[in-house]
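Peer 1: Encoded as structure tokens, here's the structure I'll be asking about.
The values are calculated or read from the model by the stated rules, or taken from the named source; none is laboratory data. Just so we're clear, the structure is a prediction, and the values are computed from it rather than from any experiment. Here the Cβ positions follow ideal geometry from the backbone for every residue, glycine too, while neighbour counts run over all protein chains shown. Calculation scope for accessible area: heavy atoms of the full protein, side chains included, ligands and nucleic acids excluded. Shrake-Rupley method; radii C 1.70, N 1.55, O 1.52, S 1.80 Å.
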Amino acid sequence: MKRLIVFLLSLALLAACVPTPEEEFIVNKGDGVLTEKIAQKPVAEKAFEAPPRVDETLEADHLTVELAAEVVLPKGDRYPVAEVVRKDYSAAWARDILTGIADGKMLLVRESEAGSNMTREGILREIQAVQNSLESFDELYGNLPASEQAEMRAQLNESLEAWQAYWREAPESTDGIEADLSDTAYKALGRMSAEIDCTRPERAYHSPIEAYSTGTVTFMNMDMTYGETEQHGPVTGPLPGVALTETEAIEVAKSFLQKLGETGLEPVLVLDANGRRYGDDPRDEHAYAIWFTRPVGNMPGAMAHSQQDIYGVYSQNGGDRAYSEPCDQEYAYFLIRDSGVNWFDWVAPSAVTRIVNENVALVPFDTILETFRKQIVVEAFPALEEARVNAGLRDNMTITDTTLCIDRIALESVRIRKEGATGTFLLVPTWTFYGRLVLHGENLGDLRFAEWTIEENGDAVWYVPGGCYLQINAIDGSVLNPALGY
């Protein structure tokens, strides 16, 4: 929805005229070129030739694209293509995940904020919330018509009675009550949930674990002091208030993955995650944010947060994602502190089934750059509009120009669909262009989202970890569409 409301903004710098490329979109049209190239015999091993940096500037209407980027090549002289499938997200898989994370601890019934499996303590919180609404009824609902007020009051009283009845039947504690890890429950709910007691002295609650039938795993194990991450920055040494080094934090994450039977993922991005401390204490709290991806040989997997128009509001794809199987990129994400794993997400767990081509031929780097020059303005337009919507612009704010800064161009493995093979994908060498958006204007110092940083000159910088603005297939030079998966 937020993309749709962009047209209501008064500051439509680019909306009046979406840049039109001189040539047709450079995308894979299914002409078989990629398939043919992958099917060819492996080429002789040779290091790919590319400059160490790219420095140039592209100009468009109210938009400057600055490439001040290091070119990152993988180690070694091979550029393989692999076939990959999702793991079987069965109840057995989910049980193994929960059991591995629990590491010998009892998997307890999860106390749910929605009411199911709640203890008396949790239900009392709900009862108090309804009572507060009744006590402040006139303040909250006094502007409604009398008939609607009567209906709302009746609903609140009915809810209060239901919670009170639930409280009389609820247990004092879920301690000792084991979670339902049956196939039947997993099929009915689409997930397997439990919680474990990590026995931290400062913690008054347990740590939830969830494994979804869609292939997502989450473990929530936050320290009491650490709030939501507000900013990410480079790791320049030991983090404030954290004794672990970066190397030690990575080892903690690797050991955690090994408990789940996963040894193939490798770290590709480590940042300082700065979170505001809970309570009245103004100090910041820090953690290592670490992303793992699946490499193919020496080719690392991309950790790319696409800033392209993947849902088709601006682009030509017409929302194809809604009608096709998801092509999510696999990654595992950790927040690591001295207390261990504070948070863990695993998206699209997969397994490599075979190497399709041990060393595929790649198009020259000059071809990749030329494709970038032709395509980036079109791709940057929706990203710019999205960032402006997320900015929460106020009446006194104006945007005069925007700069897209590309600071890293990396040759990595990216998942695409395998033609005619549902559920099977390819990991192919791909060039990813990473960077950030910078808004220039007036009074931008009060932007409302954590992804924004205000520089000393008043510019507003939009940055998300792994933010990428274009991906180009290194085998055939086609632009990847994240929504379509090719």
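Peer 1: Tell me, what % of the accessible area of the range 222-277 is carbon and sulfur with a 1.4 angstrom probe?
Peer 2: The C+S portion of the solvent-accessible surface of the range 222-277 is 50 percent.
Peer 1: Still on this structure, please answer the following. Taking a probe of 1.4 Å, how large is the accessible area per residue of the range 36-107, in Å²?
Peer 2: Per-residue value: 56 Å².
Peer 1: Right, next: Set the Förster radius R0 to 35 Å, insert the Cβ-Cβ distance between residue 245 and residue 40 as r into 1/(1 + (r/R0)^6), and round the FRET efficiency to 0.05.
Peer 2: 0.20
Peer 1: Give me the one-decimal nm value for the distance between modelled label points at residue 228 and residue 72, 7 Å along each residue's Cα-to-Cβ direction.
Peer 2: Between residue 228 and residue 72, the label points sit 2.7 nm apart.
Peer 1: Return one whole number: the accessible area per residue of the range 146-261 in Å², for a 1.4 Å probe.
Peer 2: For the range 146-261, the per-residue accessible area is 58 Å².
Peer 1: Moving on to the next point. Please list the non-local residues whose amide H lies under 5 Å from the amide H of residue 331, H modeled 1.01 Å from N, same-chain partners needing a gap of 5 or more.
Peer 2: Here the answer is 347, since their amide H atoms fall under 5 Å of that of residue 331.
Peer 1: Calculate one ³J(HN,Hα) per residue across the range 362-373 by plugging θ = phi - 60° into the Karplus curve 6.51 cos²θ - 1.76 cosθ + 1.60, and present them in order as whole Hz with x for glycine and proline.
Peer 2: Those phi angles translate into 10, 6, x, 5, 4, 5, 5, 5, 5, 5, 4, 4 Hz.
Peer 1: Rounded to the nearest whole Å², what accessible area per residue is found for the range 396-486 with the 1.4 Å probe?
Peer 2: Per residue, the range 396-486 has an accessible area of 33 Å².
Peer 1: Once you have the Cα-Cα distance between residue 166 and residue 345, take 0.36 nm times their residue separation minus that, and quote the gain in nm to one decimal.
Peer 2: Full-extension gain reported as 61.2 nm.
Peer 1: Hey, another quick one. How far is it, in nm, from the label point at residue 266 to the one at residue 442 when both lie 7 Å from their Cα along the line to the Cβ?
Peer 2: Using points 7 Å along Cα→Cβ, the separation is 5.2 nm.
Peer 1: What is the extension gain from residue 60 to residue 419, computed as 0.36 nm multiplied by their sequence separation minus the C-alpha to C-alpha distance, in nm to one decimal?
Peer 2: Gain in length upon complete extension: 125.6 nm.
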